[in-house]
Every structure is written in C-alpha cells, then in structure tokens.
Amino acid sequence: MFINLSNHPSSNWSEKQLAAAHLHGDIVDCPFPDIPAAEGEAYVSSLSVKYAHEIIERYDPSEDVVHIMGEMCFSFALIRLLQEAGFVCVASTSERIVKEDYPGHKEVFFNFIRFRQYGF
C-alpha cells in the first residue's frame, strides 16, 4: 500500500508518479491536516502523535510506504514517529519549471522525478 499524506490527491498525479507509487501497491489518499500558523509546538506534537497512531493501527510497516509532503514541523515529527514504528517514509521530488510570459506573470510547472526516502 502507498499512503499519500499530502495536499495533492493521486487523482491529479502524472502517469509517471502514479506508476512509481503503484510499485508499492494500491494508493490510499489521506488529506494533509490544516495546521494554523499561529499554533505552537504542543499542538503540532499532539497532532503528529494522533496521525501516527492512526497510521500504525491501520497499516503494516513491513509492506506499506507513507508519502508525506506538507507543513515541515508536522511532517518532521510524524516521520520520526512512523520511522520508529518501522515505516518507510518518502517525499516526492520534482523539477520546477518556470515560464515567464511577461514581467510579473509566471507559470510554474512541476515535473515529477521520483520518490526519495526520508532519513536514508
């Protein structure tokens, strides 16, 4: 199983990204939590423990991979907890392509390259 914990549902992914994720099995989309910028460390810690508990209860660290992309402090805390439980956690990597049509107007495209394991 490939657990996608991000703000980017797999239904919007490229064929290349879907194929890379499917190497780990079926994809399960889990929305990334909205973390208010004003919240402190205790809030983020509590939320990361809650999410870790839900993933650990539901999935198998010997078979399932967790893709985590989002707010950095929450991601860091959650990744540590999941890795301690034996999960492989990955990030998506991409090339950023910027097209400037005219001054002040840019379009940004992201070209998926691969998934990279955290804490290699």
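No lab work stands behind these numbers, since they all come straight from the coordinates. Everything numeric here is computed off the predicted structure, so don't read it as measured data. Note that we place each Cβ from the backbone using ideal geometry, even for glycine, and neighbour counts take in every protein chain shown.
Quick notes on this structure:
- Theoretical ellipticity at 222 nm over the chain - DSSP helices of four or more residues, -39500 (n - 2.57) apiece, nearest 500: -10500 deg cm²/dmol
- For Ile27, distant residues with modelled amide H under 5 Å away: Phe2
- Using the Karplus relation 6.51 cos²θ - 1.76 cosθ + 1.60 with θ = phi - 60°, the per-residue 3J(HN,Hα) values for the range 65-71 come to 10, 10, 8, 10, 9, x, 3 Hz, with x marking Gly and Pro.
- Fewest-first ranking of Val108, Val90, Val49, Val28, using other Cβ atoms within 10 Å as the exposure measure: Val108, Val49, Val28, Val90
- Helix 72-84 and the longest principal axis of the Cα set of the chain meet at an angle near 40°.
- Inter-part distance, the range 74-97 to the range 16-42, computed on C-alpha centroids, equals 9 Å.
- The alpha carbon gyration tensor of the chain gives principal lengths a ≥ b ≥ c with a/c of 1.5 or higher and a/b no greater than b/c, which makes the shape oblate.
- Other residues with beta-carbon under 12 Å from the beta-carbon of Pro33 carry, at +1 per Lys or Arg and -1 per Asp or Glu, a net charge of -3.
- Residue among Ala85, Ala20, Ala38 with the largest mean-square fluctuation in a Gaussian network model of the chain, springs linking Cα atoms under 10 Å: Ala38
- For Val98, net neighbour charge (Lys/Arg +1, Asp/Glu -1) across residues whose Cβ lies under 15 Å away: -1
- Sequentially through the range 17-22, phi angles give Karplus couplings (6.51, -1.76, 1.60; θ = phi - 60°) of 5, 4, 4, 5, 5, 5 Hz, Gly and Pro residues having no value and appearing as x.
- The chain: relative contact order in percent, alpha carbon pairs under 8 Å with at least 6 residues between: 25
- Set of aspartates and glutamates with alpha-carbon distance to Lys16 below 19 Å, sequence-local pairs under 8 removed: Asp26, Asp29, Glu95
- Remark: the range 34-50, residue by residue, has Karplus-estimated 3J(HN,Hα) of 7, 10, x, 4, 7, 6, x, 4, 4, 4, 5, 4, 4, 5, 5, 5, 4 Hz, where x stands for each Gly or Pro and the curve is 6.51 cos²θ - 1.76 cosθ + 1.60 at θ = phi - 60°.
- Given their separation in residues at 0.36 nm each and the Cα-Cα distance between them, Ala91 and Ile56 gain 10.7 nm when the chain is fully extended.
- Proxy reagent accessibility, fewest Cβ within 10 Å first, across His53, His24: His53, His24
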